[in-house]
Structures are given as structure tokens and as C-alpha cells.
Amino acid sequence: MTVVAPVLETNPLREGLEQERVPDASCLVIFGASGDLTHRKLLPALYSLAHDGLLPSGQTIIGFARPDYTDDAFRMDIREACNKYARTRPVDEAVWENFAKGLFYVQGDFGDSAAYLRLKEKLAECDKTRGTGGRRLYYLAVPPNFFPVICEFLGGEGMVTDPERGGPYTRAIIEKPFGHDLASAKELNRVAVTTFRERQVFRIDHYLGKETVQNLMVLRFANGIFEPFWNRQYIDHVQLTVAESLGVEKRGNYFDNAGIARDIIQNHMLQLLSLTAMEPPVAFDADAVRDEKVKVLRALREFPKGNEESMAVRGQYTDGSVLGELAAGYRKEENVRPDSHTETFAALKVYIDNWRWADVPFYLRAGKRLPKRVTDISIQFRPAPYPLFKKVSGVRTQPNVLAIRIQPDEGISLKFDSKVPGPVVRTAPVTMEFRYATSFGAEPPEAYERLLLETMLGDSTLFARRDEVETAWAWLDPLLTAWAADSRLPDAYPAGTWGPDAADALLAADGRKWRRP
Amino acid sequence: MTADELTSGEDVKVDSATIEETLAELWRVEKKDHDNAVTRAALWNVVAHSATPEHHTEASEVLGKASIAVPQRTIVVRATPAGPTEMSSWISANCHLLGEGKQVCSEEISIIAGGDRVERVPPLVAALLIPDMPVAVWWLGDLPHENAAYVAALLEPADRLIVDSAAFDNPADLEIVARVAQKTMTAPADLNWIRLEEWRIATASLFDPPEMRSKLAHVRRIRILTDSMQQNFFGERVEGLLFASWILAQAGCEIERVDLEIEERQSLRRGLLRVGVTMEDGSVAYVERDLERGILVTRYDGHVIVPEGVTRAQKRTTDQLIVRELKDPSSDRLLLKVLPVSVELAKRVA
């Protein structure tokens with residue numbers, strides 16, 4: 001009699017290794033493999049994962065796109081991209097050689113059924129030769145209008161399986177934008193769930209792959225000292241800034257139809273906001289974390305209809321200079337309408353109507369062509385309850401600020417007042433700083449590396465869930481509708497400044513001002 | 001003495017009783033003169049213990065490099081109980097540029113003690129540790145089998161004891177480390193174990209496919225070929241012993257049921273060269289070093305599809321091994337599991 005040993009859930013030899021979480025080998029199919037995202041981000045990230053020993057030896061990647069490539073031509077193309085963009089560049093010859101053995105290309109149009117048959121054959125062949133066991137990941141690196149046709153063919157050709165129905169896993173990875181508004185987001189989600197179940201869908205917001213964004217949860221919930229103060233009793237207000245020094249570059253076509261609110265606020269900023277404001281999840285797992293995030297989004301106060309201006313400012317950059325270089329105004333950018341009303345800057349005053357945050361304003365600002373590229377969250381605390389030093393000349397106490405720098409120069413600083421040494425009582429603000437670069441030295445992995453690995457491992461904690469996306473749109477949609485109906489131009493601001501005056505006025509009306517990040 | 005002298009990397013002699021005050025004063029002057037150009041940083045207290053001038057110099061150089069990646073207060077001790085009576089101390093700073101003209105500096109304190117003054121070293125070291133920072137004691141060279149009270153006093157504040165079992169001349173040294181793990185709050189760390197990391201990654205990759213995992217319980221033979229610079233020296237075989245112990249500990253195999261063979265090949269370098277793990281069904285998982293390409297190549301002769309794999313395996317310098325160890329804030333629980341097995345295997349192999 002043959003005794004069959006039980007299959008272990010995990011590989012015990014992985015214990016204690018940095019590469020503890022290595023997924024089972026699978027076939028990752030990238031739709032849109034000839035595009036910019038694939039070359040700049042996806043394949044370089046996958047190569048870096050292989051370089052660091054985080055991919056299984058049988059991992060297989062199949063590029064699917066219209067241009068006519070052979071496997072070898074595709075490999076050469078990708079090698080060049082990895083040499084240019086991978087974190088672990090230049091490519092290591094031995095690692096590349098092995099990585100390239102798992103790299104294939106299938107030529108085809110997204111609407112061509114014969115192409116899907118060729119893909120299906122290639123997938124079956126890889127299962128036999130590379131031990132991928134029918135496990136599939138479909139990365140839709142294509143504009144959202146191609147989602148329906150790709151999903152339809154994948155479903156129709158029987159290329160989607162589900163462990164709950166006895167098959168190996170299939171997962172779909174979708175890139176933002178997740179819609180243009182609430183209606184289109186709902187439609188995209190509807191299309192996705194006709195072929196996949198919600199838990200098979202991974203919506204990528206690359207901000208969630210950043211180490212510093214993930215550290216937000218660690219800072220709040222792994223330390224005992226912050227959470228007791230993390231509420232309306234101690235916090236005066238919160239500021240979130242996502243500033244870019246660049247203009248729209250080559251994305252004029254897309255951006256002019258989107259604007260900064262759709263491009264940054266609806267996704268990245270609301271993710272930062274919800275991670276900053278959410279309640280402690282009951283567990284560190286995908287649904288528990290996302291349940292708490294979506295509760296924050298549901299508690300966002302609606303914009304006052306007809307008086308949106310009291311809570312929201314929009315701007316558009318004009319000629320100016322950024323970091324010493326002349327910068328043309330937005331309307332002069334390539335592929336931007338010369339009479340465009342699209343906002344390149346937005347500042348919002350947001351309230352979260354719940355027990356923890358009642359009446360604590362969250363000020364959000366995002367913009368292009370601002371003085372520098374910086375993303376940061378600053379928690380501004382209330383002043384001490386009794387001004388003990390009020391009558392002492394030379395003492396001007398300032399509120400404590402906990403600043404979390406998401407990028408660049410990632411770190412956390414805490415500002416507090418201290419006595420200036422000397423015989424008289426005088427105070428000055430001082431800062432305690434933690435910098436990732438100083439403390440940990442090593443370069444953190446790229447966001448896409450982390451996110452791709454998580455999709456292979458099947459952990460969706462760092463991905464947006466359907467209700468998150470739809471709730472975010474439901475809150476933002478009325479503001480976008482009001483802006484669209486407003487014939488006035490967004491407030492102008494010269495490139496290289498921190499936005500229009502109205503943004504300052506938004507805070508000044510509350511007796512506050514923007515922190516200089 | 002000026003702050004500039006300190007940050008230049010030069011050693012400056014100071015009175016042992018005023019080391020801390022001198023450092024504080026120098027940083028105060030530095031701050032006054034250069035505003036925020038220099039940042040003091042420390043994540044660890046690292047105490048390097050040596051008995052010879054060569055090891056003392058090595059420790060200083062290695063930790064100077066390591067402090068770039070892991071800022072630390074470094075205390076380098078040279079203690080020679082049999083030497084002339086002496087006690088002297090020196091300070092310096094290991095600085096590196098962070099960008100925008102800013103420097104990050106870690107302090108280094110050097111203590112040289114001889115004769116009966118050696119007994120004064122542990123309390124002096126204890127006084128110089130930065131509070132609320134973990135403490136690692138790096139013991140250079142072979143482990144002492146005498147002066148137990150001195151060693152215990154030095155290890156008393158230590159969260160971690162770093163050794164290099166490649167320098168062990170006797171299986172009893174492994175037992176000492178295993179005993180530290182069992183009987184004290186100090187977690188052992190072994191640079192030789194860290195050298196195995198790539199081998200572990202490569203071997204683990206062979207057992208990633210779900211069908212391969214179940215084979216682990218049926219390991220029957222482990223055959224190791226290792227390069228050796230000094231044949232029949234115990235330390236040359238420890239890496240192989242640790243590797244085999246790891247497989248057995250993780251696979252849950254009974255030691256007695258597995259054949260172990262460690263073959264040494266005379267060479268100008270040391271380290272594992274090839275490993276073969278044979279399963280009950282006769283299939284064999286191989287890991288082999290390709291020296292020229294700086295990789296480990298894995299292959300499997302059996303019925304499961306496991307494509308050939310490649311793991312980067314560049315030779316790591318001692319400071320890189322130390323950095324790797326200090327980067328992990330928690331103790332290595334796996335090593336605690338592996339050590340007792342390696343003690344058993346060492347007896348068998350010996």
C-alpha cells in the first residue's frame with residue numbers, strides 16, 4: 001500500500017527567510033504588454049522580485065498585445081526596460097537568463113477570439129513545462145474601455161477558474177482609473193464581476209504599495225502612545241498634501257479629461273485619508289482593514305449643495321517657474337485644450353462625521369506644478385489646555401505637529417516646544433526626526449513589486465475593494481458635477497507656487513494656514 | 001580636542017571616567033558651529049570583544065563600515081588578562097554623507113584593558129550603553145572556556161551574542177552557544193549561519209511546489225561538499241553541519257534515520273560547494289555553487305516539475321554579515337531550533 005504524505009500548507013524551509021512569503025508558480029498574463037506601464041513598472045518590478053529571490057522558479061509571464069513580437073524580441077525589449085527602470089538595475093546576467101526563460105509573448109487583438117485560443121494553448125503548455133498548475137493572473141494594463149471585451153473572452157473561453165469551484169485560482173488585476181464617475185465605476189465593477197468574483201479582483205492603487213503608507217498602520221496600531229491622542233480631543237486638524245512639481249507631461253489627453261480631483265484625490269488621497277482616520281481593524285487582514293477604511297469614506301460629510309466653494313477650491317497653473325526652470329501654463333501643454341477648464345489644483349476642507357473626528361477638519365490639497373514633489377500628512381494637535389506661560393515675555397508656544405512624510409525623504413517628525421537654555425524662560429520649537437534612510441539605509445522596494453507579490457500570494461489588503469471605490473466616487477461626484485456646471489475658470493496660480501490664493505483663504509477662514517511641507 | 005577632529009574619523013584619547021561627557025560636549029560644539037549639518041544616530045549598541053590587536057583593528061574597521069547601514073554606538077574592547085596592567089580609552093566618530101551636505105555620525109569608543117583592569121571592563125561598558133537601545137556583543141575569535149564570570153558580566157545587558165562558528169576549533173564551542181540560548185536572555189547569532197542564507201533560499205525554492213513539500217519528511221541522505229582552507233579544522237565543517245541541521249529541524253526528520261556526509265575539498269577559499277538531498281523515493285534535490293557567475297543553481301531529479309532555479313550568492317564581507325544580523329530587530333528563532341540539532345550532529349560527525 002502506498003501512503004501519500006499530506007501536502008504541507010507552507011514550505012517549512014522558508015521559515016525565517018526574508019523570502020518567507022514566496023507564492024506558488026503561476027502564469028501572469030499582461031494585457032497591454034507593449035505599453036508604458038509594462039515597460040516602466042510591471043516587468044522591472046517582476047525582474048527585481050526575481051533578483052531578490054521572491055519569485056518561484058517556475059513563475060511565468062506572458063505578454064499579450066497587438067504588436068508582432070517573437071518571444072525573443074519581447075525578451076530583448078523587456079531586458080532593455082529592466083536595465084533602465086528596475087530598482088535592481090543593471091540586470092544580473094545569471095538572474096536575467098533564468099527570468100527570461102519564463103517570459104513569453106502572445107500577439108493578438110483584444111477582440112480577436114483566435115488570439116485567446118493561442119493564449120490558452122500557451123498557458124496549457126506552461127502548466128506542463130513550468131509547473132504553474134493552472135494558476136492564472138490576468139493584469140489588465142489597458143484603458144478601461146477594453147475591460148469588457150477582455151473579461152468576456154476570458155470567461156467565454158473557460159480561462160477563469162476558482163478554488164471554490166474546485167479549480168486552481170484565477171485573479172484579475174485592474175489599474176486605475178476605476179471609472180470616471182460613480183456611474184462608470186459601477187459599470188466597470190459590474191463587468192468585472194460577470195467574469196470574476198469580487199475576491200478575485202485586485203484593484204491597484206500604487207500608493208498602497210509604498211512602505212510609508214503601510215507604515216501608517218504600523219505607526220498607529222503597533223505603538224501604544226499615538227492612538228490615545230488620535231481623536232478630536234487632542235487633534236486640532238489634519239493636513240494632507242500631494243504636490244507634484246511636474247506638469248501633465250505626456251498625459252495631457254488623459255489628464256485634461258480627468259483633472260486632479262479624479263487623478264489624485266478620488267484614489268490616492270482618499271486612501272491616505274482613510275488610513276489616517278480609520279478605527280483599529282479587528283484583524284490585520286484584507287476585509288477587516290478595508291471594512292474600517294470604507295467606514296471612513298461613508299462618514300465623509302457631503303459638500304454643501306450650491307455652496308461648494310466654502311469647502312472646495314480649484315485652480316489651474318499659469319506660466320511660472322519650478323525649481324529654477326521656466327514652466328508654461330497648463331493650457332499651453334501638449335494635448336490640452338487651449339480653453340480648458342480642467343483643474344490642476346484642488347484644496348478641500350473635509351469633515352468625517354463620526355464619534356472620533358466630529359468637527360475636526362481634514363484639509364486636502366493636491367496639485368501639479370507646485371514648488372516641489374512632496375506627499376505628506378501632518379497632524380496638528382490642539383494647544384496645551386492652560387497657557388501657563390502666557391504672561392512670560394519671549395514665550396510663544398506653538399502647536400505640536402506630527403508630520404508623516406510619504407515621499408520623498410520618507411520619515412516622521414514630531415515638533416514640540418522646548419526651553420531655550422538661559423536664565424530667562426524662552427521657548428523655541430524643536431523637532432524629533434525619524435528618517436527611513438538614516439535608520440534603515442536600504443532602498444525600499446518599489447510599490448509595484450510589493451503589490452504584484454501580494455496578488456500572487458492572494459492577499460488583497462493593499463488593494464481597493466469595490467465598495468471603497470464606489471463610496472469614494474459617491475462622495476466626490478456631486479463636487480465634480482458642480483464644478484462641471486460652473487462656467488467660471490478655476491483660480492489661476494503661477495507654476496511654482498502653492499496654489500491659488502483661495503486655497504490659503506480656505507484655511508484662513510478657520511484661523512489656520514497651510515503647513516509648508 | 002575639537003568636534004572636527006572627532007568627525008574626521010581619527011581616534012582621540014580620553015579619560016575613561018569622562019567618555020560620555022566628552023562626547024556630549026563635542027556634539028554640542030559641533031551643533032553650535034555647524035548647525036544641523038551633523039546628525040548623531042544610533043539603532044544599536046554594539047560591543048565588539050577581542051583579545052588581540054589584529055581582532056581589535058578588524059572589529060573597528062568592520063563596525064565602522066557597518067555603521068553606515070546600521071547607525072550604532074560602537075564599543076570596541078580589547079581585553080588581555082594575561083597582558084600588562086593597563087586601561088585606556090579612545091573616541092572617534094564614523095560619519096557618512098546623507099545628501100544636502102548633511103552627515104550622519106555614529107560614535108565609536110575604544111577600550112583597551114590588560115591585567116587585573118580587565119575586570120573593570122564590563123561595568124564601564126554597561127555605563128556607556130545608550131539606554132533603550134538593544135545591545136549586541138560581537139565576540140571575535142574562539143569562545144573562552146574560562147573566565148565565566150567575566151563573560152557573564154559582559155553578556156548581562158546583551159540582547160544578542162554574535163559569534164562566527166567558522167572560527168570554532170571544537171564542538172564544545174557550539175555547545176556554549178547553545179547553552180547561552182537555553183539559559184540566558186541573550187539570543188545567539190552566528191555569522192556562519194548568515195552565510196548560509198543564500199543556500200537556504202536556494203534549497204527552499206526546490207520545495208516550493210506543493211507536491212515537493214510532502215517529500216521533505218522523507219529525506220534519507222544529505223551529502224555536502226565543502227571547500228576548505230584548513231582541513232580537519234572543526235570550524236571548516238560547521239557551515240555544512242548547520243545546513244544539515246536546518247534541513248532536519250525543519251523537515252521534522254529523525255537524525256538517526258538520515259545519512260550525513262560532509263566531504264572537504266582542499267581549496268584557497270572556504271564555503272559550501274554542492275549539496276544533494278536524497279529522498280526516500282530516490283529523487284535528489286541539488287544546489288550547486290557557480291563561483292564564476294556568483295550564483296547558486298538548483299535542480300531536481302525526480303517526477304515533479306521544478307524548473308532549474310538561480311539564486312544570487314555573492315560572497316559577503318564581515319561587515320555585510322553584521323549588518324544583515326543587526327537589520328533584524330528580533331532574535332533568530334530558527335537558529336535556536338537548529339543549534340541543538342547541530343550539537344548532536346557535531347558529535348556524530350566528530
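The values are calculated or read from the model by the stated rules, or taken from the named source; none is laboratory data. In this text the structure is predicted, and so the values were computed from the model without any measurement. Positions of Cβ are generated from backbone atoms using ideal geometry, with glycine treated the same way; all protein chains shown enter the neighbour counts.
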Considering only the stretch B:223-259, state which residues are within 14 Å of chain A (Cβ to nearest Cβ) and under 18 Å from B:ILE201 (Cα atoms).
B:LEU242, B:PHE243, B:ALA244, B:SER245, B:TRP246, B:ILE247, B:LEU248, B:ALA249, B:GLN250, B:ALA251
For the stretch B:253-262, the count of residues that are without any contact (Cβ under 8 Å) to a residue 60 or more places away in the chain and within 26 Å of the chain's Cα centre (by Cα) equals 1
How many residues of the stretch B:280-333 are within 8 Å of chain A (Cβ to nearest Cβ) and of a type in the set (Ser, Thr, Tyr)? The answer is 2
Evaluation of A:VAL392 against (1) out of contact with any His (no Cβ under 6 Å at 6 or more places or on another chain); (2) modelled with pLDDT of 85 or more (one fails), failing number
(2)
Which condition from (1) within 19 Å of A:TYR138 (Cβ to Cβ); (2) away from every other protein chain (no Cβ under 14 Å) is the one that A:LYS84 breaks?
(1)
For the stretch A:344-450, which fully contained strands (runs of 3 or more DSSP E) count at least 3 residues that are within 25 Å of B:VAL70 (Cα to Cα)?
A:401-407, A:411-419, A:427-435
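To keep it simple, each residue is scored yes or no on (1) farther than 18 Å from A:LEU272 by Cα; (2) surrounded by 16 or more Cβ atoms within 10 Å (Cβ to Cβ); (3) in contact (Cβ under 8 Å) with a residue 24 or more places away in the chain.
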{"residue": "A:TRP357", "(1), (2), (3)": "no, yes, yes"}
{"residue": "A:ARG365", "(1), (2), (3)": "no, yes, yes"}
{"residue": "A:THR375", "(1), (2), (3)": "no, yes, yes"}
{"residue": "A:GLN380", "(1), (2), (3)": "no, yes, yes"}
{"residue": "A:PRO385", "(1), (2), (3)": "yes, no, no"}
{"residue": "A:LYS390", "(1), (2), (3)": "yes, no, no"}
{"residue": "A:VAL395", "(1), (2), (3)": "yes, yes, yes"}
{"residue": "A:ARG405", "(1), (2), (3)": "no, yes, yes"}
{"residue": "A:PRO408", "(1), (2), (3)": "no, no, yes"}
Out of curiosity, is B:VAL310 assigned to a helix (DSSP H, G or I), β-branched (Val, Ile, Thr) and buried (at least 22 other Cβ atoms within 10 Å of the Cβ)?
no
So is B:LEU191 away from chain A (no Cβ under 14 Å) and farther than 30 Å from A:SER57 by Cα or not?
no
Residue that is modelled with the lowest pLDDT, among those in the stretch A:194-211 that are more than 14 Å from A:VAL469 (Cα to Cα) and among the basic types (Lys, Arg)
A:LYS210
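Filtering the stretch A:43-94 down to residues that are of a type in the set (Lys, Arg) and in a helix (DSSP H, G or I), which residue is nearest to A:PHE31 (Cα to Cα)? Before you say what the answer is, go through the steps one by one.
Here is the first cut: in the stretch A:43-94, the ones of a type in the set (Lys, Arg) are A:66, A:75, A:79, A:84, A:87, A:89.
Now restrict to residues that are in a helix (DSSP H, G or I): A:75, A:79, A:84.
Numbers: A:ARG75: 16, A:ARG79: 18, A:LYS84: 22 Å.
For the stretch A:43-94, the residue satisfying everything is A:ARG75.
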As an exercise: evaluate A:VAL193 against (1) crowded, with 17+ Cβ neighbours inside 10 Å; (2) assigned to a helix (DSSP H, G or I) and give the number of the one condition it does not meet.
(1)
Which numbered condition in (1) closer than 30 Å to A:LYS128 by Cα; (2) in a helix (DSSP H, G or I); (3) out of contact with any strand residue (DSSP E or B) (no Cβ under 7 Å at 6 or more places or on another chain) is the only one that B:GLN320 fails?
(1)
Test B:VAL70 against the stated conditions and say whether it is surrounded by 15 or more Cβ atoms within 10 Å (Cβ to Cβ), in contact with a Phe, Trp or Tyr (Cβ under 7 Å, 6 or more places away or on another chain) and under 22 Å from B:ARG40 (Cβ atoms).
yes
So, in the stretch B:325-350, of the ones that are assigned to a helix (DSSP H, G or I) and modelled with pLDDT under 90, which residue ends up nearest to A:LEU17 (Cα to Cα)?
B:ARG333
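Do you know which of the residues in the stretch A:19-45 that are more than 8 Å from every other protein chain (Cβ to nearest Cβ) and in contact with an Asp or Glu (Cβ under 8 Å, 6 or more places away or on another chain) is farthest from B:VAL297 (Cα to Cα)?
Filtering the stretch A:19-45 for residues more than 8 Å from every other protein chain (Cβ to nearest Cβ) gives A:20-21, A:23, A:26-45.
Subsequent filtering for residues that are in contact with an Asp or Glu (Cβ under 8 Å, 6 or more places away or on another chain) retains A:27, A:37, A:39, A:41, A:44-45.
Details: A:CYS27: 22, A:LEU37: 32, A:HIS39: 28, A:LYS41: 28, A:PRO44: 22, A:ALA45: 22 Å.
The selected residue is A:LEU37.
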